[in-house]
Amino acid sequence: MKITKIETKVVEIPVKSPYVFSHGVLKAFANVLIWVYTDEGVVGIGEASFVPGGGVSEETPESTKPMIDKYLSPVVIGEDPFDIERIHKKMDECVPRNLIAKAGIDLALWDIMGKALDLPAYKLLGGMYESRIRATYTLSIDTAEKMAEQALFRKNQGYLTLVIKIGRDPEHDLERLKLVRDAVGWDINIRLDANEAYTPDQAIRIIRKMEKYEPEFVEEPVKRWDLNGMARVAASVDIPISSDESNTTLESVNKILCKEAADIINIKISKNGGIYRSKKIAALAESAGIPYLVGGANTYEVGRQACRHFAVSTANAQLASEGCAPASQSKIDDVTKKIITYDDVGSLNGYVTVTSGAGLGVEPDDEKIKKYSVT
Ligand SMILES: [Mg+2]
């Protein structure tokens, strides 16, 4: 089988209400959808997903579409979609990093391989390890009272794990955690995500005060490049520290592990370069005895299905996941005919599972893609 053509489209879908986190305010999802065609008529779909204008990634939809069209496609066309190690190496020789663009192509390759064999992608990724993944919901930064109200609403909807975004006004973060804990009680798991907002000293001071509310972990407390600062925080507090923005490549995870800068690795198949590279990162973390979770980017259902295939087939990826759950940033629409909703989380008692079907198991909705496509 040979890859014959690659097409890309930027698709932008607004969120119902602005979503606030320490990097900025999100008003819409804007992702690149990728179609990879083959000479046997099998077509795979992938997604490169972003946090646009949020200061999270060097890549944007506007940079990624030409990156794929002009640079990556010429080295991928003509290859056999099953030769995924070779294709990743060819993409790396063409351009360093640009992991989100490469992830978009990677996802489409898994969709092709599964469709060609009439198997769901997870069967090619190690098979079914655990069919259900616990879902998380992430609370946008607001007043402590409004976040507590939202937390209770999501608990009543069936969520067992909640993430509190913090870091925009650090002096109020302890109050946010206190009111959310008071609202949901002690049977709900609470995580915190500072998205790089604190200094190491500030993080140590605030996190120590948070310990009595027993959060599961605090994610990315300090700047992504400050692994020494992150290691100092991790050594100084009792709550585990999770790495998100600071890990992208295999070597970045290796550095984090060597410095003992994090206790948990948040793998996002977009920023980590796709399912294939994420499997390598998972193996590296496993070798260090470090658990990982499948985090969420601002991902449509194509990317969410990819997260589910990765999570159900990977033994240590069983920590609750936002990437596998419906997006916490409630958007007005999606790009596929079937999506997993907040109600589905409730009906599975706080869990989600992979939607059945060959490949990634998604059916693109051509009308919606056309409606929300931007040039
Ligand atoms: Mg995070």
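The values are calculated or read from the model by the stated rules, or taken from the named source; none is laboratory data. All of these numbers come straight from a predicted model, not from anything done at the bench. For neighbour counting, all protein chains shown are included, and Cβ atoms are generated from backbone atoms with ideal geometry for every residue, glycine included. Areas reflect the complete protein model, heavy atoms only, side chains present, ligands, DNA and RNA absent. Shrake-Rupley method; radii C 1.70, N 1.55, O 1.52, S 1.80 Å.
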ask   = So, in the stretch 59-85, of the ones that are open to solvent by 40 Å² or more (accessible area, probe 1.4 Å) and free of Cβ contacts under 8 Å to residues at least 40 places away in the same chain, which residue ends up nearest to LEU109 (Cα to Cα)?
value = ASP83
ask   = Taking the stretch 199-248 as the search range and keeping residues that are among the polar types (S, T, N, Q) and either more than 17 Å from ILE166 (Cα to Cα) or in contact with a helix residue (DSSP H, G or I) (Cβ under 7 Å, 6 or more places away or on another chain) (or both), which one is surrounded by the fewest Cβ atoms within 10 Å (Cβ to Cβ)?
value = ASN228
query = Just to be sure, is TYR276 more than 16 Å from the ligand (Cβ to nearest atom), farther than 27 Å from ASP92 by Cα and in contact (Cβ under 8 Å) with a residue 40 or more places away in the chain?
reply = no
remark   = ALA194 fails exactly one of (1) away from the ligand (no atom under 15 Å from the Cβ); (2) small (Gly, Ala, Ser); (3) within 19 Å of ILE256 (Cα to Cα), namely (1)
query = Going through the stretch 306-325 one residue at a time, which ones are touching a strand residue (DSSP E or B) at 6+ places or on another chain (Cβ under 8 Å) and surrounded by fewer than 22 Cβ atoms within 10 Å (Cβ to Cβ)?
reply = ASN316, GLN318
Selection within the stretch 326-341 - surrounded by fewer than 18 Cβ atoms within 10 Å (Cβ to Cβ) and closer than 19 Å to ARG132 by Cα = LYS338, THR341
Within the stretch 258-273, considering residues that are away from the ligand (no atom under 13 Å from the Cβ) and not basic (Lys, Arg), the one farthest from SER321 (Cα to Cα) = CYS258
key: Whichever residue in the stretch 210-234 is among the aliphatic types (A, V, I, L, M) and touching a strand residue (DSSP E or B) at 6+ places or on another chain (Cβ under 8 Å) and, among such residues, is nearest to the ligand (Cβ to nearest atom)   = VAL218
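Considering every residue within the stretch 122-130, establish whether at least one is among the hydroxyl-bearing types (Ser, Thr, Tyr) and in contact with a Gly (Cβ under 7 Å, 6 or more places away or on another chain). Full working, then the answer.
Within the stretch 122-130, the first condition is being among the hydroxyl-bearing types (Ser, Thr, Tyr), and the residues that meet it are 122, 129.
When the remaining residues are screened for being in contact with a Gly (Cβ under 7 Å, 6 or more places away or on another chain), the result is none.
No: zero hits.
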inquiry  = Any residue that is surrounded by fewer than 17 Cβ atoms within 10 Å (Cβ to Cβ), modelled with pLDDT of 95 or more and either within 13 Å of the ligand (Cβ to nearest atom) or at negative phi (or both) - is there at least one of those in the stretch 289-304?
reply    = no
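Suppose we filter the stretch 225-251 for residues that are under 17 Å from the mean Cα position of the chain (by Cα) and either assigned to a helix (DSSP H, G or I) or without any contact (Cβ under 8 Å) to a residue 60 or more places away in the chain (or both); how many remain?
Taking the stretch 225-251 and keeping what is under 17 Å from the mean Cα position of the chain (by Cα), we get 242-250.
Applying the additional criterion that residues be either assigned to a helix (DSSP H, G or I) or without any contact (Cβ under 8 Å) to a residue 60 or more places away in the chain (or both) yields 242-244, 246-247, 250.
Number of matching residues: 6.
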